[in-house]
Amino acid sequence: MKKIFPLLILMFFCQISIFSQTDETYEKLSTFVDVMEIINTNYVSETKPKNLVINAIKGMAGTLDLFSQYMEEKAYKEVQTEADGSYGGVGLRIMTKNSNLIVVSPLPGTSAYKAGILPEDRIIKINDKSSVGMSTDRAVSIMRGKVGKKVKLTICRGKDAKEVEFTLVREKVKIETVKSTIFDKNIAYIRLAEFNSQSAADIRNELLNYKSQNIKALILDLRNNPGGLLESALEIVSMFVSERRLVLTTKGKIEETKTEYFTDGGGLFFDLPVVILINRGSASASEIVSGVMQDFKRALIVGSNTFGKGSVQTIFPLSDGTALRLTTAKYYLPSGRPIERSNEKTAKNGITPDIDVNVTREEEIKLYAHGDMLFEKDKELKNEVEDKALNKALEIIKTNKIMEEIETSKVSSGLKKKR
């Protein structure tokens, strides 16, 4: 056995000294060290105790839920880089589920978005190498790299598990979070790609610019928005609420995780009718905004069920430059309902829309390909592309039925209207 290994065991036992000698946890940790020693001594190939420990920590974090993970130093630095708002990559938000890499959402305008990669696509290969069992940080590090270089992804899609290959070119991903346009001269349409520190201010400025046109309603498109800053979501909700109200509660194991969030009152656009568009790629902060506005009966929610990420992750930096991203609390909406991803195959995830608009995968691919045409001058989509959710929103606004649809919605009682 290498000399370093006994030292590693000693350090390990020092770390677990917080457990009682009679605690069953201590007993299992002792077994863990025994297994490490057996592997290091008897395994057919050379092993590194450090790598055994790292993989054990990753496995431990990975068993908790879809969003907790141990990040090695490089991965942690990449997370910090991404927080700056720009990086070189293909523009995918991913997670792991049952040892598979799952697409949460492609970011609008990126190469992944333009190619037609969809939420809930399963990535089975990266550059022709299997990604089964690969961690998200490892996958992200492979997909990122020098701008202009290509990355090949093999996607498994749909019930028939059809494989589709995509060759994507790495780009400098600079996220343009807000894009807007006007329909019929008085219906404002704003698409929010993700929630960052500028999102609320950008939306406010867009609406102020349209105020002179006497807009009659707003369509806020949160489809394929994977989330972002909680503070940004709260600021956006506050724009549309006139009084101070409880928006969100977080609850976890320890008392410190229980927090209540309120609107600041006096929303600038408190009387502006709002329709929010959502789909399976809407997650986290998108679900908070749509869920809160739905609970307040302040907006009509149109589209399909959201992703179902209703938990708080806290990043704990560690002394060796690595970090642990850990789920520490869950979100609860004003009505008390959580936002969660169900494990039952027949159950719906996340936020259920007031009006359910069914969109096939084929239609979704076409919408992705032509999504930015909405912001061109003529705004005329090709005949083969029909944005059913957007058209439903426009129809309801033009007939002045937003409030009627909100008041008659049965979502809160578990009965969903079919359209």
(message) Taking amide H atoms as placed 1.01 Å from N in the peptide plane, list the residues 5 or more away in sequence, or in a different chain, whose amide H sits under 5 Å from that of Val274.
(response) Leu218, Leu300
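Can you give me the accessible area per residue for region 21-170, using a 1.4 Å probe, in Å²?
Details: 8090 Å² over 150 residues.
Counting only protein heavy atoms, the per-residue value for region 21-170 is 54 Å².
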(request) Read phi for every residue in region 266-275 and hand back ³J(HN,Hα) as whole Hz from Karplus 6.51 cos²θ - 1.76 cosθ + 1.60, θ = phi - 60°, with x for Gly and Pro. (result) x, x, 4, 10, 5, 10, 8, x, 10, 10
(message) If the reach is capped at under 13 angstrom between alpha carbons, list the aspartates and glutamates near Lys251, excluding any in the same chain fewer than eight residues apart.
(response) Glu260
(request) Can you tell me the FRET efficiency between Asn186 and Phe316 if r is taken as the Cβ-Cβ distance and R0 is 41 Å, rounded to the nearest 0.05? (result) 0.25
(message) Please list, ordered by chain and number, the residues whose modelled amide H lies under 5 Å from the amide H of Phe262; skip anything fewer than 5 residues away on the same chain.
(response) Val247
(request) May I ask for the net charge around Lys125, where only other residues with Cβ less than 15 Å from the Cβ of Lys125 are counted and Lys, Arg are +1 while Asp, Glu are -1? (result) +3
(request) Go ahead and collect, in residue order, the members of region 123-145 whose backbone nitrogen is under 17 Å from a label point 7 Å along the Cα-Cβ direction of Val79. (result) 135-142
(message) Could you work out [θ]222 nm for the chain from helices alone, using -39500 (n - 2.57) per DSSP H run of at least four and dividing by all its residues? Round to the nearest 500 deg cm²/dmol.
(response) -9500 deg cm²/dmol
(request) Please give the direction-averaged projected area of the C-alpha convex hull for the chain, in square nanometres with one decimal. (result) 23.6 nm²
(message) Between Arg361 and Asp34, what's the calculated FRET efficiency when r is the beta-carbon distance and R0 is 41 Å? Round to 0.05.
(response) 0.25
(request) Just grab the label-to-label distance for Thr408 and Thr25, each label 7 Å out from Cα along the Cβ direction, in nm (one decimal). (result) 5.5 nm
(request) Quickly rank 121-128, 109-116 as a protection proxy: mean count of other C-beta atoms within 10 Å, highest first. (result) 109-116, 121-128
(request) Name the residues whose placed amide hydrogens come within less than 5 Å of the amide hydrogen of Val357, ignoring near sequence neighbours (fewer than 5 apart) on the same chain. (result) Gly303, Ser304
(request) Could you let me know the centre-to-centre spacing of region 156-174 and region 260-275, using Cα atoms, in angstrom? (result) 38 Å
(request) Please report the relative contact order for the chain, taking Cα pairs under 8 Å with a sequence separation of at least 6, and give it as a percent rounded to a whole number. (result) 12 percent
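Can you give the accessible area per residue of region 203-327, in Å², using a 1.4 Å probe?
Details: 4960 Å² over 125 residues.
Accessible area per residue, region 203-327: 40 Å².
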(message) Among 178-187, 24-33, how do they line up by average Cβ neighbours within 10 Å per residue, starting with the highest?
(response) 178-187, 24-33
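Of all the accessible heavy-atom surface of the chain, with the other protein chains kept in place and a 1.4 Å probe, what percent is carbon and sulfur?
Within the chain, the accessible surface is 51 percent carbon and sulfur.
In whole percent, what relative contact order does region 61-215 give with Cα contacts below 8 Å and a gap of six or more residues?
In percent, rounded to a whole number, it is 19.
The values are calculated or read from the model by the stated rules, or taken from the named source; none is laboratory data. Just so it is clear, the structure is predicted and the values come from calculations on it, not from any experiment. Neighbour counts are summed over all protein chains in view; Cβ atoms, including those assigned to glycine, are modelled from backbone coordinates with ideal geometry. Quick note on the areas: whole protein, heavy atoms, side chains included, nothing else; ligands and nucleic acids left out. Shrake-Rupley method; radii C 1.70, N 1.55, O 1.52, S 1.80 Å.
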